[in-house]
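Notes to accompany the following structure.
The values are calculated or read from the model by the stated rules, or taken from the named source; none is laboratory data. On a predicted model such as this, the values are computed, not experimentally measured, just so you know. Here the Cβ is made from the backbone with ideal geometry for all residues, glycine too, and neighbour counts use every protein chain on show.
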Amino acid sequence: MGRKELLLAGIAAVFALSADELAARLLLDPPLRLSERHLGRNRAVPKHVADANLGWALLSENAKYRYQASGKYGSVDAHYSIENGHRATASHPLKGPLLIATGCSFTFGMGVSDEDTWPWLLQERLPGYHVVNTGVGGYGTDQALLAADQLVQHSTEPTRLVVLGFADFQIDRNRSTQGMLYQQYPFGKPLFVARGTGVQLSGLVRFWYPGSLLEHSVLFMEVLNRLANIVNRAPSHEGAREVTARLMVEFARRFQARGARLAVVLLPHAWDRSPVPKADQKFIVDRLHAAGIPTLVPEFPRMADGRLEARRFFIPSDGIHPNGAYNLLLADQVAKFLTCQRLSDK
């Protein structure tokens, strides 16, 4: 091939790639690029570290933080106390068998002070127990159950109860897609897949980051994001829903083998009356009932359209995370449920 033909081929290739890039920018959803994340950089949030099993975890320390944030409904000014890598549940040393409250930021208590988290309020209602809050922001159901399981195995105190705060949006977190992982970069996340009638841990998956130069291409990043999900075998939403149900059944068996019971509490949230969340909740509740796992669906006052009133139940800075009034109502129902089910009997 002569120089002229090579030049023409090069021009054609550049033109084709440029056309593809333009089409990608016009037709495809925005790709996942780290440089375009506009995440809050609040330096007063607890420190997180990489964890080989969980992906990330709170730094195992004793520390206090002041969390401040503002949004369209107002602002929050809260204090966080971290004790040995967990959110505090009392202002004094605790003794007794463990009751582990586990979950995501709803359980950790993002945007509320220690005494307004539902695990703290549950501790006040069940003083014979030592309630430990293993909730961590961004966790899926898989990480929440793994975190509780680690504590059950390694604590010197016996565990009697594990209470999982579950919200249906955790199902998509359990897919471990690039869309989820880039929010937690550079940390990885465990991926469970269905095997036989149970689940199997495939290991940690990570966000595929090609570097700041290549990420400016919409076409390249879109292809890379999709390819990573294929290679990592990220399940569909329906597949993740099945895995989520199996995870709860599997860990209920693990806990029972160690003398503990699992109870699941469905956490209401701002968009839980949409069609997909409602279908997901029914699917999970039906599977939990079939497996004999105690399950609480709390009752909350709702507006005429079925939604929770944002100003009443969520922190004003984002209108998403539960506030003290939400957690108070939840803790009352959880304590009553555990007592009525005789789960809190020692």
Residue check, residue 276 against (1) over 17 Å from residue 141 (Cβ atoms); (2) touching a His at 6+ places or on another chain (Cβ under 9 Å), all met but one. Which one?
(1)
Going through 234, 279, 245 one at a time, which residue ends up being crowded, with 19+ Cβ neighbours inside 10 Å and either charged (D, E, K, R) or assigned to a helix (DSSP H, G or I) (or both)?
245
Please tell me if residue 162 is buried (at least 21 other Cβ atoms within 10 Å of the Cβ) and in a strand (DSSP E or B).
yes
Which condition number does residue 314 fail, the rest of (1) free of Cβ contacts under 8 Å to residues at least 40 places away in the same chain; (2) surrounded by 13 or more Cβ atoms within 10 Å (Cβ to Cβ) being met?
(1)
Of everything in the range 295-346, what is part of a strand (DSSP E or B) and within 15 Å of residue 266 (Cβ to Cβ)? Give them in sequence order.
295, 296, 322
Can you name the residue in the range 191-247 that is of a type in the set (Phe, Trp, Tyr) and over 18 Å from residue 170 (Cβ atoms) and, of all such residues, is farthest from the chain's Cα centre (by Cα)?
220
Filter the range 317-345 down to residues that are polar (S, T, N, Q) and surrounded by fewer than 16 Cβ atoms within 10 Å (Cβ to Cβ) and give me whichever is farthest from residue 278 (Cα to Cα).
339
Quick one: in the range 92-114, of everything that is touching a residue at least 12 places away in the same chain (Cβ under 8 Å) and over 19 Å from the mean Cα position of the chain (by Cα), which residue is nearest to residue 144 (Cα to Cα)?
99
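Yes/no per residue for (1) exposed (fewer than 14 other Cβ atoms within 10 Å of the Cβ); (2) modelled with pLDDT of 90 or more:
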residue	(1), (2)
16	yes, no
26	yes, no
30	yes, no
45	no, no
51	no, yes
61	yes, no
65	no, yes
68	yes, yes
75	yes, yes
Just to be sure before I move on: is residue 84 within 14 Å of residue 134 (Cα to Cα) and surrounded by fewer than 19 Cβ atoms within 10 Å (Cβ to Cβ) in the structure I sent?
yes
Could you pull out the residue among 287, 273 that is among the basic types (Lys, Arg) and either crowded, with 19+ Cβ neighbours inside 10 Å or touching a residue at least 40 places away in the same chain (Cβ under 8 Å) (or both)?
287
Among all residue pairs at least 6 apart or on different chains, which show Cβ distances below 7 Å where the first residue, located in the range 228-257, is farther than 22 Å from residue 151 by Cα and the second is part of a helix (DSSP H, G or I) and β-branched (Val, Ile, Thr)?
235/243; 237/171; 240/171; 241/171
For residue 175, all conditions in the list (1) free of Cβ contacts under 8 Å to residues at least 40 places away in the same chain; (2) over 24 Å from residue 100 (Cβ atoms) hold save one; what is the number of the exception?
(1)
(1) in contact (Cβ under 8 Å) with a residue 40 or more places away in the chain; (2) surrounded by 14 or more Cβ atoms within 10 Å (Cβ to Cβ) all hold for residue 212 apart from (2)
Identify the single condition in (1) of a type in the set (Asp, Glu); (2) farther than 21 Å from residue 288 by Cα; (3) touching a helix residue (DSSP H, G or I) at 6+ places or on another chain (Cβ under 6 Å) that residue 157 does not satisfy, given that it satisfies every other one.
(3)
